[in-house]
Amino acid sequence: MSRTKTSLLAALALLSGTSAAALVSAPAGAVAAAAPCTVDYKVQNQWDTGFTTAVTITNNGPAKSGWSLTWSYAGNQRIGNGWNAKVSQSGSAVTAANESYNGTLPSGGSASFGFQASYSGSNAVPATFTLDGVACNIAGGPTDPGPTDPGPTDPGPTDPGPGGPKAANPYVGAKVYVNPEWSAKAAAEPGGSRISDQPTAVWLDRIAAINGVNGGMGLRAHLDEALKQKGSGELVVQLVIYDLPGRDCAALASNGELGPNDLDKYKSQYIDPITSILSDAKYAGLRIATVIEPDSLPNLVTNAGGTNTTTDACVTMKSNGNYEKGVSYALDKLGALANVYNYIDAGHHGWLGWDSNLGPSVQEFYKAATTNGASVGDVTGFIVNTANYSPVKEPNFKVTDMVNGQTIRQAKWIDWNQYVDEQSFALGLRDKLVAAGFDSGLGMLIDTSRNGWGGSARPTGPGPTTSVDGYVNGGRIDLRLHAGNWCNQSGAGIGQRPTAAPATGVDAYVWVKPPGESDGNSAAVPNDEGKGFDRMCDPTYGGNARNGNNPSGALPNAPLAGHWFPAQFQQLMQNAYPPLS
């Protein structure tokens, strides 16, 4: 959404068809400077049955401590939800009154708000506007009667945000985009139609993906399809921003196309083109939720510090700072767009859940969000469990449980972690992030696409109390051999279906990793996608220090990361929890 004040000196054509914007004009011969107030009314996005607007008021008279703007529609426009103003309607008459935080309007000052509305037939821009009884956009209007009652204090469900008004939780009251390419693959599998209508994220995992690969849909094609799915309501499109220089420094299966020092290329050939497309006014009515660079910043905490989990590649990325610089650049550019909601990837509880990792992670996240042009205002929230398998909740035990006077934290599976599942980790991390300086309205996402762990092997109650290990292993629903195992896990199942606001502080359960897409190839495969062979995807591999020297637990015969893996898809459906009907 443009935040630029627009002159109203010239008469401009009204909106027709699906044009993205319209301006209210001053009558011929009027002198805008002499008008006591001006109103810039833009139709930002219009479809067959509805539209969204951006309205800017400029006060050219005495300062105000509260304001009320009124107008009338000539057609059948009906206003729905608004932001940055209390917008009400009676018949054709509309009133927009200030919120508690934007009532002050100095002489020469401006205030902006917006709303969504429905209509049929024509959608003509209102002919006149009145601010506190004063006709705007007309020279020599009546005397300003002074401020009006600003109304009760109620900031409502929106946040002004750095680039314009944004929903406090973009998923509330909105549908979520169903990727037709994934949906078609899922529906083609036996039984796949049970989940093929679920929303999944679009992964922009290389520069070529922006325009489409091998005849597939590019970013614009997805956004155009999203406009069709949107209809008259709200819709969230989920995009994974995933192409940092030296990407995934601790995992070979998902290495990227850019070298460790290709930061300029990342900016100019990847982030800038994505930003340019998303800023097209055609897409202003879509809510865009971005998942910012999975695995990047957590790797700087755990795999670049001289421990037995350190890799040379992560040391390089820590030294050159290009993960931090790249994430900061993405946050800054994308966060400036009024309809974009940035969620930074924050690993999962089995990666960062120890105090020794969690504190440094919060510091790393804050650094990336407050340097190189980025600010905490560019961050809507964080996402945990991206493309991973950790359950939302372990139902049969809590981290505070004791067995025979011993804390279960000392069990081999938990290994003194502070958390045993993703929701407790997400909310604990959220508290620490807010305390560190992030916004108090911070929202968390949890990827539930493959963390159901249902099927006949799912425990139905706690394990025996003979030992902490017996109690935990007998009751845990996460059946991985180690919580650090991440590649095509045997026994996993579809998790909870995408849901908005499932818990306080959690914006949504989401399917960021499309079920059925491989995590990595189980044997070396020549390719032109920059993806290597990681032994953690090899079912015969005995493990390393990062997974406690446990077997990988990976499925056999897996294709390259991101490629369709029918056997995994069938397993995920078979072990879904809640079960598929």
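3J(HN,Hα) along the stretch 433-448, derived from phi through the Karplus expression 6.51 cos²θ - 1.76 cosθ + 1.60 where θ = phi - 60°, amounts to 5, 5, 5, 7, x, 6, 4, 5, x, 3, x, 10, 10, 10, 7, 10 Hz, with x in place of Gly and Pro.
A straight Cα-to-Cα reach below 16 Å connects residue 86 with the aspartates and glutamates 99, 132, 149, 154, 159, residues fewer than 8 places away in its own chain not being considered.
Listed by chain and number, the aspartates and glutamates whose C-alpha is less than 14 Å from the C-alpha of residue 531, apart from same-chain residues fewer than 8 away, are 205, 243, 248, 257, 519.
A straight Cα-to-Cα reach below 24 Å connects residue 282 with the lysines 5, 42, 166, 175, 228, 230, 267, 333, residues fewer than 8 places away in its own chain not being considered. On a per residue basis, the chain carries 38 Å² of accessible surface, using protein heavy atoms and a 1.4 Å probe. Which of the three applies to the stretch 341-387, rounded, prolate or oblate, going by the alpha-carbon gyration tensor with a ≥ b ≥ c and a/c under 1.5 meaning rounded? Oblate, because a/c is 1.5 or more while a/b does not exceed b/c.
The sum of -39500 (n - 2.57) across all DSSP H runs of n ≥ 4, divided by the residue count of the chain, sets its helix-only mean residue ellipticity at 222 nm to -5500 deg cm²/dmol. Here the stretch 247-315 is described by how far its Cα atoms reach on the three principal axes: 50, 23, 19 Å, from widest to narrowest.
Take residue 431, project a point 7 Å from its Cα along the Cβ direction, then tell me which residues of the stretch 365-404 have their backbone nitrogen under 20 Å from it. Answer for this model: 365-366, 381-385, 392-395, 397-402. Note on the stretch 289-431: the C-alpha convex hull projects to 9.4 nm² when averaged across all orientations. Other residues whose C-beta falls under 12 angstrom from the C-beta of residue 578 contribute a net charge of +3, scoring Lys and Arg +1 and Asp and Glu -1. Residue 373 sits among other residues whose Cβ lies under 14 Å from its own Cβ, and their net charge, with Lys and Arg +1 and Asp and Glu -1, is 0.
Once you order the gyration tensor axes a ≥ b ≥ c over the Cα atoms, which shape class does the stretch 301-353 get: rounded for a/c under 1.5, otherwise prolate or oblate by comparing a/b with b/c? Since a/c reaches 1.5 but b/c is at least a/b, the shape of the stretch 301-353 is classed as oblate.
For the stretch 359-465, the extents of the C-alpha atoms along the principal axes are 53, 32, 21 Å, listed from largest to smallest. Farthest towards the positive end of the charge dipole of the chain, among the residues 289, 436, 482, is the Cα of 289, using unit charges on the Cβ of Lys, Arg, Asp and Glu. Spatial offset of the stretch 512-567 relative to the stretch 50-85 amounts to 54 Å, using the alpha carbon center of each. Distant-in-sequence amide contacts of residue 403, defined by a placed amide H-H separation under 5 Å and a gap of 5 or more residues or a different chain, comprise 408. Debye calculation, C-alpha points only, no solvent: report log10 I(q)/I(0) for the stretch 533-581 at q = 0.32 Å⁻¹, in the same order as the q values. Debye output, listed in q order: -1.10.
Put a dot 7 Å past the Cα of residue 107, heading toward its Cβ, do the same for residue 467, and the two dots end up 8.2 nm apart. For the stretch 418-548, the convex hull drawn through the C-alpha positions has a volume of 178 cubic angstrom per residue.
Computed over the chain, relative contact order equals 11 percent, with contacts defined as Cα pairs under 8 Å that lie 6+ residues apart.
Based on C-alpha pairs under 8 angstrom that are at least 6 apart in sequence, the stretch 329-445 has a relative contact order of 34 percent.
For the stretch 159-269, rounded, prolate or oblate, judged on the Cα gyration tensor with a ≥ b ≥ c (square roots of eigenvalues), a/c < 1.5 rounded, else prolate if a/b > b/c? Because a/c hits 1.5 or more and a/b fails to exceed b/c, the stretch 159-269 counts as oblate. Between 0 and 90 degrees, rounded to the nearest ten: what's the tilt of helix 322-335 against the longest Cα principal axis of the chain? Once rounded, one gets 30 degrees. For the pair residue 181 and residue 49, a Förster radius of 22 Å applied to the C-beta separation gives a FRET efficiency near 0.20, rounded to the nearest 0.05. Other residues with beta-carbon under 14 Å from the beta-carbon of residue 395 carry, at +1 per Lys or Arg and -1 per Asp or Glu, a net charge of -1. Put simply, the amide H of residue 418, placed in the peptide plane, has neighbours under 5 Å in 354, 355, leaving out anything fewer than 5 places away on its chain.
Each label was represented as a point 7 Å from its Cα along the Cα-to-Cβ direction; for residue 220 and residue 550 these points are 4.8 nm apart. To the nearest ten degrees, helix 219-230 and the longest principal axis of the Cα atoms of the chain are 70 degrees apart. Each residue of the stretch 198-203 is assigned a 3J(HN,Hα), and the resulting list reads 7, x, 10, 7, 9, 8 Hz, derived from the Karplus form 6.51 cos²θ - 1.76 cosθ + 1.60 (θ = phi - 60°), x at Gly and Pro. Taking a point 7 Å from the Cα of residue 264 along the Cα-to-Cβ direction, the residues of the stretch 364-381 with backbone N closer than 20 Å to it are 372-373.
Any idea what % of Cα-Cα pairs in the chain are farther than 48 Å? Percent of Cα pairs beyond 48 Å in the chain: 19. Measuring nothing but protein heavy atoms, the accessible surface of the chain at 1.4 Å probe radius is 52 percent carbon and sulfur. The separation of the stretch 252-269 from the stretch 299-346, counted between C-alpha centres, amounts to 12 Å.
Annotation for residue 70 and residue 355: the two label points, set 7 Å from Cα along the Cα-Cβ direction, are 6.2 nm apart. Too long at a 19 Å Cα-Cα cut-off: which of 412/432; 265/325; 398/513? Check vs 19 Å cut-off fails for 412/432; 398/513.
The values are calculated or read from the model by the stated rules, or taken from the named source; none is laboratory data. If you're wondering where the values come from, they're calculated on a predicted model, not measured in any experiment. Ideal geometry is used to build each Cβ from the backbone, glycine not excepted, and the neighbour counts take in all protein chains shown. Just the protein is used for accessible areas: all its heavy atoms, side chains included, with ligands, DNA and RNA removed. Shrake-Rupley method; radii C 1.70, N 1.55, O 1.52, S 1.80 Å.
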